[in-house]
1. With the structure loaded, tell me whether residue 4 is in contact with a Phe, Trp or Tyr (Cβ under 7 Å, 6 or more places away or on another chain) and either closer than 17 Å to residue 117 by Cβ or within 16 Å of the ligand (Cβ to nearest atom) (or both) or whether it fails that test.
2. Looking for something at positive phi and either touching a His at 6+ places or on another chain (Cβ under 6 Å) or surrounded by 24 or more Cβ atoms within 10 Å (Cβ to Cβ) (or both) - is there at least one such residue anywhere in the range 169-178?
3. Take the range 299-313 and flag every residue that is in contact with a helix residue (DSSP H, G or I) (Cβ under 8 Å, 6 or more places away or on another chain) and of a type outside the set (Asp, Glu).
4. Got at least one residue in the range 293-304 being within 16 Å of residue 343 (Cα to Cα) and small (Gly, Ala, Ser)?
5. Which numbered condition trips up residue 357, out of (1) surrounded by fewer than 18 Cβ atoms within 10 Å (Cβ to Cβ); (2) small (Gly, Ala, Ser); (3) farther than 26 Å from residue 219 by Cβ?
6. Within the range 278-303, track down each residue that is out of contact with any Lys or Arg (no Cβ under 8 Å at 6 or more places or on another chain) and surrounded by 15 or more Cβ atoms within 10 Å (Cβ to Cβ).
7. Could you list, in sequence order, the residues of the range 48-77 that are in contact with a Phe, Trp or Tyr (Cβ under 7 Å, 6 or more places away or on another chain) and either buried (at least 23 other Cβ atoms within 10 Å of the Cβ) or of a type in the set (A, V, I, L, M, F, W, C) (or both)?
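The values are calculated or read from the model by the stated rules, or taken from the named source; none is laboratory data. Being a predicted model, the structure only gives us computed values, none of them experimental. Virtual Cβ from ideal backbone geometry, glycine too; neighbours counted across all protein chains shown.
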Amino acid sequence: MVDTHNDFPSASIEKKVSLDADLLGKTHSDLGRLRAGGVDVQIFSIFCGPEQQHPYAFANREIDSVYEWAKRAPKRMTLVKTPFELRRANKEKRLAAMLGVEGGHMIEDKIDNLDNFYVRGVRYMTLTWNNSTSWATSAADETTKGDSLPHKGLTDLGKKIVERMNELGMLIDISHNGEQTFWDVIKLTKKPIIASHSCVWHFCHHRRNLKDDQIKAIAKNGGVIHLNFYAGFLDSTYERKAIDFTKRHKTEIDSMIAKGAQPDYAQIMMMEKYKDEVESFRPPLSLLIDHLDYIVKLVGVDYVGLGSDFDGIEAGPKELNGVQDFPLITKALLERGYSKKDIRKILGGNFLRVFRANQLGVN
Ligand SMILES: [Zn+2]
């Protein structure tokens, strides 16, 4: 069972906690609950916002944290860099931890930094987060700034970076990317790509979600879309309700940001504090399965997986409160009539196929 996107490294900084502790009630994830939830492979998102002065150094410190967690609990977790190491960790019943850099700004426009990330174990990079880089435009910028952008899609440097990622065997993650960037990548890449944490536009017209022609293009490329559990990408009515919530608690949120919390995390922590209020507008798990079904019906079962975004989202479906709840997805898939063989593909087999394909020919 593979989850391609978990923001615990960022949450651990904000909340001053370590993965090997019991964090029930504090976070979506900890080592004990990853085991309880049957998670075999967890890709941790290495992330910092564009406001960080030295994003490359910051990212490296987050990578240090993941290494440190593995060092503290060597019997329960190990960092893996290859499909072979992943299999071995599975056999040893240790969590196979992997790294994904969420946002091309963290390489600070240097291919050397990309290479160093690869050496340290980073196996995917999301070309942009919400902020564009000098070489690729984000969904946020393409949809809000449009023609005022200095460039749209991949620049020459952007193309070099994509080619280098293909050479290295680092997966290209198009979550958060603008449509122009997406199509430039699809045209250029020689290896299958992923969306590490995105949903389906058909159900929820959010710029972070994928339109039908994008879903078809990913399938043609042999890639995989890993579904995000975020209520606001699943349910088109959620974000309006969340905005109303934020308005009601604005003073408290502003004071947390003034004390140094990252804005997204201030929001998340506020929603945790007023849980009952949030509970009333979380969507059902069946809606996540609807998104999954839609992709399967459009292009087949080989192109979908899970990228929870746990510890990076303030609310998912009502039934999913943390990594311990993944088995509820398996149950829901069985109830929808999915075969065990197809469920194995969805829960991880599809990701493994893309990981292997990217590592092919890499030494
Ligand atoms: Zn994200």
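1. Numbers: in contact with a Phe, Trp or Tyr (Cβ under 7 Å, 6 or more places away or on another chain): yes; either closer than 17 Å to residue 117 by Cβ or within 16 Å of the ligand (Cβ to nearest atom) (or both): yes.
Yes: the conditions hold for residue 4.
2. Yes, that holds for at least one residue.
3. Here is the first cut: in the range 299-313, the ones in contact with a helix residue (DSSP H, G or I) (Cβ under 8 Å, 6 or more places away or on another chain) are 299-306, 308, 310-313.
Of everything in the range 299-313, those that are in contact with a helix residue (DSSP H, G or I) (Cβ under 8 Å, 6 or more places away or on another chain) and of a type outside the set (Asp, Glu) turn out to be 299, 300, 301, 303, 304, 305, 306, 308, 310, 312, 313.
4. For the range 293-304, residues within 16 Å of residue 343 (Cα to Cα) and small (Gly, Ala, Ser): present.
5. Among (1) surrounded by fewer than 18 Cβ atoms within 10 Å (Cβ to Cβ); (2) small (Gly, Ala, Ser); (3) farther than 26 Å from residue 219 by Cβ, the lone unmet condition for residue 357 is (3).
6. 278, 287, 288, 290, 291, 292, 294, 295, 296, 303
7. Within the range 48-77, 48, 66, 77 meet the criteria.
Yes/no per residue for (1) at pLDDT 95 or above; (2) within 16 Å of the ligand (Cβ to nearest atom):
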| residue | (1), (2) |
| --- | --- |
| 16 | no, no |
| 19 | yes, no |
| 23 | yes, no |
| 28 | yes, yes |
| 31 | yes, no |
| 34 | yes, no |
| 37 | yes, no |
